[in-house]
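Worksheet: the structure to be examined is printed underneath.
The values are calculated or read from the model by the stated rules, or taken from the named source; none is laboratory data. None of the values given here were measured: they were computed from a predicted structure. Virtual Cβ from ideal backbone geometry, glycine too; neighbours counted across all protein chains shown. Heads up: the accessible areas ignore ligands, DNA and RNA and are worked out on the full protein's heavy atoms, side chains in. Shrake-Rupley method; radii C 1.70, N 1.55, O 1.52, S 1.80 Å.
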Amino acid sequence: MGAESTRSTPELTDAQWDRMRRYGVPVEAQPGDVLFQSGEAWYDLILVESGAVDVVREPLAWVGETIIATLGPRSFVGELGLLNGQRAFLTARVAEPGRMLRVDHEALQRMMAEDDELCDLMLRTLWARREELRSGPAAWTLKLIGSSRSREAMALRRYAERLGLVHTWVDADDPATAEAFAVHGYAIDDLPIAIVQGERVPHATPGQLAEMLGLAYTAEDDLAVDLAVVGAGPAGLAAAIYGASEGLRTVLLDAVTPGGQSASTSRIENYLGFPFGVSGDALTAQASLQAFKFGVRVVAPCEAGRLDPTPDALQLTLADGVTVRARAVVVTTGVAYRSLPLDRWKEFEGAGIYYAATALELRQAAGAEVVVVGGANSAGQAALALASTGCRVRLVVRSNELGSQMSSYLVDRLVEDSRIDVHTGTQVVGLHGDDELDRVTLSGGVDGTVPCSALFCFIGAEPATDWLTGVERDEHGFVHTGADVIGLGDAWRELGRMPLPFETSIPRVFAAGDVRRGSMKRVAAAVGEGSSAVASVHRALAAAEVFA
């Protein structure tokens, strides 16, 4: 973010600057004035008409203040947290006197809704700044310390990476880190540790991190919304984006992080518009940015605990007791990963057993001997991605035919890849190792114990619907929708209509994606269902006066 024109400091035309100024409130600024402070929530975008502003990483316990950038006339100060509500992790301080304009969050959203050119410019700039900050001294404002063999530490790191948080990861297994522990007073028993703006948090969890960064849903957020989407996989992201883009006040909640099961996919090759393929992580990141563009409030981790219809609204009670009131709810909670019924399975989760093959896991396993379990597309894509990092891969498939559940293009590539051994009619029956997995025992088409530093499990999943006690489901837990709904109670007789497409047995509660009975279990289908469900949401809301 230097003085030259780059993606993170675009050169604005006269027309662009004049239009942008209309959304701001002018202030005269003097040297030393703080325009926003680290830790501040929903801070203002600052337009610099004259003078200069230093963007500063404030001093931490182990290092002094650092000026990250200095922005002069006809520039603006802010990064992606302006859109997603993350608390500021840097401070903006006036370096040279001049005239500034403050653009609050509401005015910023109005600008992005009313001016497509400024919206695109703002999105590209804020995204580019976030990416630059991730690799510089600003990343010291959030340090995560943990062992790559720890399930808790990996969950914390995965949360930070999937949300694109500016942070630094410190590997506690590195001998140099162990020496630093003693100097700074850290204890191994406190891992994983998060250091947020210098404040140490032992045994840190994604939920604690979200609260400190302003990304959690709290009692102060207890406002009525038009649409609450529960689950931020492809279906949920699509529903939230379509709902918000069509004027619905929308909140998107996820128990872990945005992306759902698709975020664990290393490469999606048959998604429309991506001829060279796209990773689940990349698709999720772009969809999340699109959600911010339309003003969706994205909250994670945020687990739904109960859904209750009330006379004037639907009430979602979250696991921590906070409530969300909505005119309509779209459930897109997807599915939970299945595991193998083997001794020591839980022990090795995060220490050799994984349910995803994203960039994070690929870095962990690069060059090692690994086993991928599963016969569907996600397993095939993972095997190819791992092989590309130098791994020797054994693809273990219970079925006798590789092509029974997998796309033919993947089958052909797997069979032709010399780095991948395909074992059909085979199962993993034993796990071995001390603190980490190092061998597995196979039985069936191939028998014996083989080296294995990492096992990637893609054997399907079960619908995450246990919390939907009042919604009609089939014997496997998948939600009935539309014409599949069997039990129509008094609420439907009072409405005088049948359930709309994607509507469940509770009026104005919809379901889309993998959680729905009869869904295709494909990313493109989930996106289509999420967006289509919003069409039914509009029809339902038009027929009911709720919060009128």
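Brief remarks on what is shown
- Residue list for the range 286-317, filter: more than 26 Å from M212 (Cα to Cα) and either open to solvent by less than 40 Å² (accessible area, probe 1.4 Å) or of a type outside the set (S, T, Y) (or both): L307, D308, P309, P311, D312, A313, L314
- Listed conditions (1) under 22 Å from R297 (Cα atoms); (2) in a strand (DSSP E or B) are all met by E40, apart from (2).
- Of all residues in the range 294-342 being in a strand (DSSP E or B), of a type outside the set (G, A, S) and in contact with a helix residue (DSSP H, G or I) (Cβ under 7 Å, 6 or more places away or on another chain), the one that is modelled with the lowest pLDDT: V335
- Filtering the range 499-517 to residues that are in contact with a helix residue (DSSP H, G or I) (Cβ under 7 Å, 6 or more places away or on another chain) and not basic (K, R) leaves P499, L500, P501, F502, E503, P507, F510, A512, G513, D514.
- Within the range 230-243, none of the residues are surrounded by fewer than 21 Cβ atoms within 10 Å (Cβ to Cβ) and either free of Cβ contacts under 8 Å to residues at least 24 places away in the same chain or in contact with a Phe, Trp or Tyr (Cβ under 9 Å, 6 or more places away or on another chain) (or both).
- Subset tally (residues that are open to solvent by 20 Å² or more (accessible area, probe 1.4 Å) and either part of a helix (DSSP H, G or I) or charged (D, E, K, R) (or both)) for the range 255-285: 8
- Residue that is nearest to S38 (Cα to Cα) [pool: residues in the range 69-84 that are open to solvent by 10 Å² or more (accessible area, probe 1.4 Å) and part of a strand (DSSP E or B)]: T70
- Filter result for E361 (among the charged types (D, E, K, R) and open to solvent by less than 10 Å² (accessible area, probe 1.4 Å)): yes
- Taking the range 85-180 and the strands (runs of 3 or more DSSP E) fully enclosed by it, the elements with 2 or more residues that are at pLDDT 95 or above and open to solvent by less than 10 Å² (accessible area, probe 1.4 Å) are at 91-96, 98-103, 142-146.
- Filtering the range 64-108 to residues that are under 26 Å from D14 (Cβ atoms) and among the β-branched types (V, I, T) leaves T70, V77, V94, V103.
- The one condition from (1) over 33 Å from the mean Cα position of the chain (by Cα); (2) open to solvent by less than 40 Å² (accessible area, probe 1.4 Å); (3) over 21 Å from L386 (Cα atoms) that V450 does not meet is (3).
- Any pair with Cβ under 7 angstrom, 6 or more apart, that starts in the range 252-273 at a residue that is under 15 Å from L360 (Cβ atoms) and ends at one that is open to solvent by less than 10 Å² (accessible area, probe 1.4 Å) and of a type in the set (F, W, Y): T257/Y159
- Every test in (1) touching a Phe, Trp or Tyr at 6+ places or on another chain (Cβ under 7 Å); (2) closer than 23 Å to A379 by Cβ is passed by C302 save one, and that test is (2).
- Contact map, the range 282-311: first residue within 30 Å of D490 (Cβ to Cβ), second residue part of a strand (DSSP E or B) and of a type in the set (S, T, N, Q), Cβ cut-off under 8 Å, separation 6 or more or different chains; pairs are A304/T317; G305/T317; R306/T317; L307/Q315; L307/T317; D308/Q315; D308/T317; P309/Q315.
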